[in-house]
Each structure stands twice: as C-alpha cells, then as structure tokens.
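Worksheet for the structure shown next.
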Amino acid sequence: MRKQAACIGGGVIGGGWIARFILNGWDVNVFDPQPGAAEKIQQVLDNARRSLPALADVAMPSEGKLCYCDTLEQAVENAQWIQESVPERLALKHSVFKELQRYCKSDAIIGSSTSGFTPSQLQKNSVNPGQIFVAHPFNPVYLLPLVEVVASVDNSVDLAQQVLQVLTDIGMSPLLVRREIDAHIADRLLEAVWREALWLIKDDVATTEEIDDAIRFGFGLRWAQMGLFETYRIAGGEAGMAHFIAQFGPALQWPWTKLMDVPELTDDLIEKIASQSDRQSGAYSIRQLERIRDDNLVGIMRVQKAHNWGVGKLLKAYDQQLLAAQPQPAVIPSNAEPLIMYEGRVLPAWIDYNGHMNESHYLTVLSAATDNFMAYVGVDEDYIAKGGSYFTVETHIRHLAEASLNEELQVTTQLISCDRKRMHLFHRLMHMPSGKLLATGEHMLLHMDLNSAKTCFASEDVQGRLEKIFDLHVLLDKPQGVGSAIGVRS
Ligand SMILES: NC(=O)c1ccc[n+]([C@@H]2O[C@H](COP(=O)([O-])OP(=O)(O)OC[C@H]3O[C@@H](n4cnc5c(N)ncnc54)[C@H](O)[C@@H]3O)[C@@H](O)[C@H]2O)c1
C-alpha cells in the first residue's frame with residue numbers, strides 16, 4: 001500500500017517535512033493557500049535532493065508523488081499522517097485542526113510542528129484529541145534527524161508507538177519527551193543561549209559574528225558530536241562527572257549570566273543586530289547560505305558515520321533499513337543468467353569536479369555487489385561473526401563510460417570459477433534502463449579464517465551454493481574483457 005502524508009503549511013518547516021517524506025517514498029498532499037508556496041517548496045525540495053541522499057551509502061527509495069491541493073479536505077482525506085506546520089499562533093492551529101478533523105480518517109495521525117505549545121494546549125476543544133500530538137522537528141527537516149515527540153494523557157501508547165515507527169522509517173530520530181512542558185527540550189536550551197547572546201550584543205561585549213565564532217570554532221564542534229554532558233564528563237578527567245560538578249558548580253553562583261532576564265527588543269537593538277548580521281553574512285543569499293549549511297551538515301554527519309558515533313550510528317541503521325526494504329534476489333538461481341547483485345543511483349557525494357561519478361565510486365558500487373554476492377551464497381553477518389569471510393586479493397576495473405548524478409545503476413555478477421577457497425567474480429556495471437555498459441569489475445577472492453588471518457576452506461553450505469551457481473554460469477559465454485590487464489610495451 002502506498003504511504004500517504006498530508007502537509008498543512010509549506011513554509012520553512014512544512015517544506016522540509018514535505019521533502020523528508022517524498023524522498024523516503026511517501027506520496028505527499030500539500031495545502032498552503034499562500035501564493036508562491038509551490039515555488040518555495042520546490043526550492044526546499046531541490047536542496048533536499050542534493051543533500052539527503054549524500055548521507056546514505058545505499059539507494060534511497062523512489063520518490064513519492066507531490067500534489068498541491070486547493071482545499072484542506074482534498075489534502076487530508078486519505079492521509080495516514082498529517083503534519084501541521086502553520087504559523088505559531090494557537091488560535092490558528094485550533095482552527096486548522098477543527099477543519100481538518102472534519103475530513104481526515106479517524107485513525108490518521110496528526111503531528112504538530114509547534115515549537116512551544118504543549119499537546120494539551122493543541123488538543124483543547126478537539127473532537128478527537130487523541131489524534132493530535134507534537135512532532136517538533138529542526139530546520140532543515142530533511143537533514144536533521146531529531147524530532148521531539150510529545151504526547152498528552154489523551155494520546156494512547158499505541159499511537160506513540162506508531163509515531164515512533166513512522167519517524168524512524170523516514171530516517172529520523174524521535175525523542176519521546178517524558179512529560180509536557182512549554183517549548184519541549186531543545187528550544188529551552190537554545191533559548192538560554194539566545195537570551196545570553198542578546199545581552200552580549202546589547203551591552204557591546206560582542207558582535208553577531210564574534211558570538212557565532214565563539215560557537216563554531218569551539219564548543220559548537222564539541223556539541224555536534226558529544227552534546228553537553230558527555231563533553232563535560234571528559235572535562236572532569238578521570239575523576240569523572242561528580243568531580244567536574246564539584247569543581248565548576250560554585251561558578252553558577254557567580255553573576256555571570258543574565259539568563260532570568262531578557263533585554264528589551266527596542267528598535268535600536270533590532271537595528272544593531274540586523275546591521276551586524278548584514279555585515280557578517282550579507283554577501284551571501286539565503287539560498288547560498290542554505291546550501292553551505294547543508295554541505296557542512298552532510299560532512300559533519302558523514303564523519304560521525306565513519307566513526308559509528310552519535311548521529312552516524314543512526315545513519316548506519318537507516319542504511320540497513322533501506323537495504324532491508326529493497327527486493328532480495330531469489331535464493332537459488334533457476335536459469336543461466338548473471339545475477340543482479342546491486343541496484344541504486346549515482347549519489348551526490350560520488351560526483352567529482354568533472355560532474356561525473358568519480359572512479360573510486362565505481363569500486364564502491366562493484367564492492368557492494370561483491371558483498372551482496374557473498375551474502376547471497378551464505379557469507380552473511382552471522383557467518384562473518386563466526387570467523388569466516390572472503391577477502392579480495394585482486395581487482396581489475398575497466399572504466400567504459402561516464403555516469404551522472406542520480407542515474408540509475410545496476411550490477412550483474414557472473415561466477416567465472418570457484419573452488420573450496422577461491423571465487424572469481426565478473427561484474428558488469430550498467431546504466432539503467434538503457435543497459436549501457438559503464439564498467440566491468442573482475443575480482444579474485446580468497447576464503448579466510450578471520451581468527452588466524454589465514455586462508456581456509458569455505459563452509460560446505462557456501463561451497464554447495466557456489467557450485468550450484470557455477471553449474472549454471474559455466475553455460476554462459478565468457479564475458480568480454482575477462483582476464484584482461486593493463487599491458488606493458490616491451
Ligand atoms: N522555523 C523554524 O526554525 C521552526 C523549527 C521547528 C518548528 N517550527 C514550527 O513550525 C511551524 C511553522 O513554522 P515555519 O517557520 O515553517 O513558518 P513559515 O511562516 O515559514 O510557514 C508557515 C506556512 O503556513 C502557511 N499557512 C498559514 N496559514 C495556513 C492555513 N490556514 N493552512 C495552511 N497553511 C497555512 C503559510 O502560507 C506559510 O507558508 C510553527 O509552529 C513553528 O513554531 C519552526
């Protein structure tokens with residue numbers, strides 16, 4: 001069954017939700033009466049298409065369909081998930097819920113992007129309060145995984161579980177807030193920093209740029225991967241967290257901050273902040289700043305993926321989720337054909353300065369096909385955990401044609417030979433649907449005992465599967481290019 005979302009309000013946050021759903025294969029109906037809303041949404045989608053797939057190392061699902069609706073009724077009538085992202089005014093949110101609940105399914109989930117209101121406030125006077133809860137995301141919604149989920153006593157445990165499941169399915173990291181509180185968790189923390197920053201500018205202690213530098217050259221980098229408490233734990237040294245608090249706790253009594261107060265936002269103060277901000281960042285358009293932000297976010301997140309840390313762990317789990325959803329090949333081949341071992345698209349991170357897929361990523365794709373072939377013959381995670389695997393000892397790639405961003409790729413694999421320790425694979429990397437050959441990859445692999453780091457026989461089960469495939473593949477013509485190497489003129 002196709003998954004159908006409705007996004008009510010397509011501004012900064014609604015646009016981000018739309019992109020998050022569409023790029024994860026959901027169909028999305030949008031209702032936003034503002035003229036020009038569609039163009040803004042298209043720009044957010046363009047940003048999302050060039051950044052979100054760069055976080056994944058496997059193909060994202062095919063995009064869902066986007067439909068702009070003329071009425072709220074049309075937008076919500078078939079939706080399983082409705083995300084409200086209209087401006088932060090309680091009366092407006094109430095009127096939107098009142099109208100949409102006339103038309104939506106009674107079991108549809110209604111999430112509100114509200115930054116400050118509690119679910120109880122949102123649910124007031126609703127005909128079906130149990131449908132409405134808070135799903136508070138962070139800008140850009142298509143890249144940042146955190147969503148604060150807040151429920152009231154009127155929301156069932158079952159609804160909370162469905163909510164967490166859907167958000168996880170679209171690559172997000174739902175944080176179930178333990179109890180209702182104004183502004184949830186993250187915005188309360190941000191507000192503390194924001195208040196302090198306003199004072200520092202008002203009192204001429206720092207400019208907007210100096211405050212930003214104090215964050216991005218220092219603690220902002222620590223926060224991005226360890227947060228607050230893990231960072232301070234290290235600051236406490238071997239003596240740990242209790243020692244850290246004993247050492248720095250008394251400083252909280254000193255009059256460092258003016259957190260309980262807020263400077264009056266006079267015209268003068270607003271002008272001071274705006275003109276400093278213009279001097280700091282006015283050379284860039286908002287669209288340029290968004291792209292710089294997105295590229296940096298992708299880089300920061302990918303480093304953590306390489307280290308399997310923080311947000312990187314989530315990205316790895318998301319890849320596994322995407323892989324599990326892809327069609328798996330049949331267990332035993334029934335006819336003499338090369339096996340389809342990889343299907344995906346050229347990802348943004350793979351494009352080099354020539355505008356084509358960089359040569360190293362031909363191997364990324366071929367290597368993924370080898371991994372899939374290994375799993376296909378039984379060398380899966382369990383097998384590897386028990387100490388057996390194949391190592392590639394020789395590779396020869398012929399680069400035959402270029403591949404461009406987002407083009408569909410397919411790799412087929414032919415087993416050229418095998419014995420108890422070896423398998424010789426020949427991959428064809430093709431552009432789809434044209435079938436144009438982009439590269440061939442020839443790989444010799446040896447079966448290893450991971451404990452002794454020596455070669456050894458594959459299990460009988462793996463050998464049996466390889467033999468079955470070989471019995472069919474030996475009937476195929478030898479592929480063009482097999483056994484070739486770069487010649488040397490004598
Ligand atoms: N901007 C942020 O950083 C941020 C972050 C997290 C959550 N939020 C929350 O998200 C919500 C939306 O904020 P935003 O920043 O996207 O605002 P925005 O002004 O960019 O977008 C709001 C959109 O809602 C549309 N709209 C107004 N009335 C409508 C109606 N009756 N039906 C349908 N659409 C309507 C407007 O045309 C506009 O496009 C707010 O509740 C806000 O607190 C904002």
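Bear in mind these aren't lab numbers, they're just calculated from the coordinates by the rules spelled out. What you see is a predicted model; the values in this text were computed from it and never measured. Ideal geometry is used to build each Cβ from the backbone, glycine not excepted, and the neighbour counts take in all protein chains shown.
Tabulated values for the structure
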item	result
Residue order, fewest to most surrounding Cβ atoms within 10 angstrom, among 256, 26, 199	256, 199, 26
Near-label residues of the range 427-448 by backbone N, under 20 Å of a point 7 Å along Cα→Cβ of residue 399	427-432, 436-443
Extension gain, residue 62 back to residue 74 (0.36 nm per residue minus Cα-Cα distance, nm)	1.9 nm
Anchor residue 202: lysines whose Cα lies under 30 Å away (excluding residues fewer than 8 positions away in-chain)	258, 272
28 Å Cα-Cα threshold exceeded, pairs from 93/313; 3/93; 3/313; 386/468; 386/436	93/313; 386/436
Label-point separation in nm, residue 43 to residue 243, each point 7 Å along Cα→Cβ	5.2
Ranked packing of 275-284, 430-439, most packed first, by mean Cβ within 10 Å	430-439, 275-284
Sequence-distant lysines (8 or more away, or on other chains) whose Cα lies within less than 21 Å of residue 98	124
Residue-span extension gain [residue 420 to residue 124] - 0.36 nm each, minus C-alpha spacing	99.6 nm
Computed over the range 196-283, the ratio Rg/Rh where both radii use C-alpha atoms and Rh is Kirkwood	1.08
Which of 352, 319 has the fewest Cβ neighbours within 10 Å, and the rest in rising order	352, 319
Ranked list, fewest to most other Cβ atoms within 10 Å of each Cβ, for 362, 232, 353	353, 232, 362
Counting DSSP beta bridges with both ends in the chain, the antiparallel % (nearest 5)	65
Efficiency of FRET between residue 284 and residue 343 - r from beta-carbon atoms, R0 41 angstrom, step 0.05	0.60
Spin-label pair residue 215/residue 380, simplified geometry with 7 Å Cα→Cβ offset, distance in nm	4.6
Cβ-derived FRET efficiency at R0 45 Å, residue 194 paired with residue 107, nearest 0.05	0.70
Helix-derived mean residue ellipticity, 222 nm - over the chain, DSSP H n ≥ 4, -39500 (n - 2.57), to 500	-12500 deg cm²/dmol
Stokes-Einstein diffusion coefficient of the chain, Kirkwood radius over Cα pairs, 4 °C, 1.567 mPa s, in µm²/s	49
